[in-house]
Amino acid sequence: MRRFVSMIAGGCIIAAVGCTPEQVKPGIAGKQESVVGRVEIKRVVDCRYLLYLPENYESQDRWPLMLFLHGAGERGDNVEKVKIHGPPKLISQGKHFPLIVVSPQCPDGTWWDIEMLGALLDRIERDCKVDPDRIYVTGLSMGGFGTWALACAQPDRFAAIAPICGGGEPKLARQITHLPTWVFHGDADSAVPVDRSKEMVEALKAAGGNVKLTVYPGVGHDSWTRTYDDPALYEWFLSHRRSEAKRAETK
């Protein structure tokens, strides 16, 4: 039987570079000086997300993990909305995956918080049987943008990414040349033009990246249903592990 698909609201703690107040030394009375001092920033974020564990979860010590990022229409405080598209939809319909699937929900009026996503992955890695060398990221529309942004922010964390009908910053593509990337887009997309994906693919290729692009002729913004319904995507994900070099850099 399937292990479970459920919503969990958790607190994810994100800490910036910290210091102690005693490191800030008093200046000279009556004069203005230039000072370099460290400050400590911490915040706690409540994360709503769906968590799926494979049906035979207890049978092995480590499992690959797929992080799914939804689009703008699924934002809010009702995590059931995340089941409208993508892997969460397929799971709710009875599909089984041989990997852990984490599907967070972005609050209304906000964009994907990259620090929050990193902290959420930290928590899942701590609490679940995650293989750190087989973590994958995919997302659609706003989640496609989030996939590019998260990969560029934490380039050594992932084994492969699959952004769908999204876009990113081409100048950051050099950060992920080592990362297997499969990009999907419809050429009739009026919400996010296919050129947003093409410019990222071209930037990656120019930097020597490992990338391929699938463009669906005549398909509009919904290029994700066809993509997520295709077993080839998941087979491709599972064929990749984080490179030995990047694994060593994170230790």
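Only the coordinates and a few stated rules stand behind these numbers; no lab work does. Being a predicted model, the structure only gives us computed values, none of them experimental. Neighbour counts are summed over all protein chains in view; Cβ atoms, including those assigned to glycine, are modelled from backbone coordinates with ideal geometry.
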Number of the exception - Phe97 against (1) aromatic (Phe, Trp, Tyr); (2) within 30 Å of Gly218 (Cβ to Cβ); (3) under 16 Å from the mean Cα position of the chain (by Cα): (3)
Residue tally, condition surrounded by fewer than 19 Cβ atoms within 10 Å (Cβ to Cβ) and of a type in the set (A, V, I, L, M, F, W, C), over the stretch 103-115: 2
Residue that is over 23 Å from Gln105 (Cα atoms), more than 17 Å from the chain's Cα centre (by Cα) and of a type in the set (Val, Ile, Thr), where the choices are Val192, Val219: Val219
Hits in the stretch 43-68 - residues which are within 14 Å of Asp122 (Cβ to Cβ) and aromatic (Phe, Trp, Tyr): Tyr49
Helices (runs of 4 or more DSSP H) contained in the stretch 131-237 and holding at least 2 residues among the aliphatic types (A, V, I, L, M) and closer than 19 Å to Leu67 by Cβ: 142-153
Tabulated pairs, the stretch 207-223, first under 24 Å from Thr177 (Cβ atoms), second hydrophobic (A, V, I, L, M, F, W, C) and assigned to a loop (DSSP other than H, G, I, E, B), C-beta under 9 angstrom, 6+ apart or interchain: Gly209/Leu179; Asn210/Leu179; Val211/Leu179
Members of the stretch 46-102 found to be more than 21 Å from Pro231 (Cβ to Cβ), buried (at least 19 other Cβ atoms within 10 Å of the Cβ) and of a type in the set (Ser, Thr, Tyr), listed by number: Tyr49
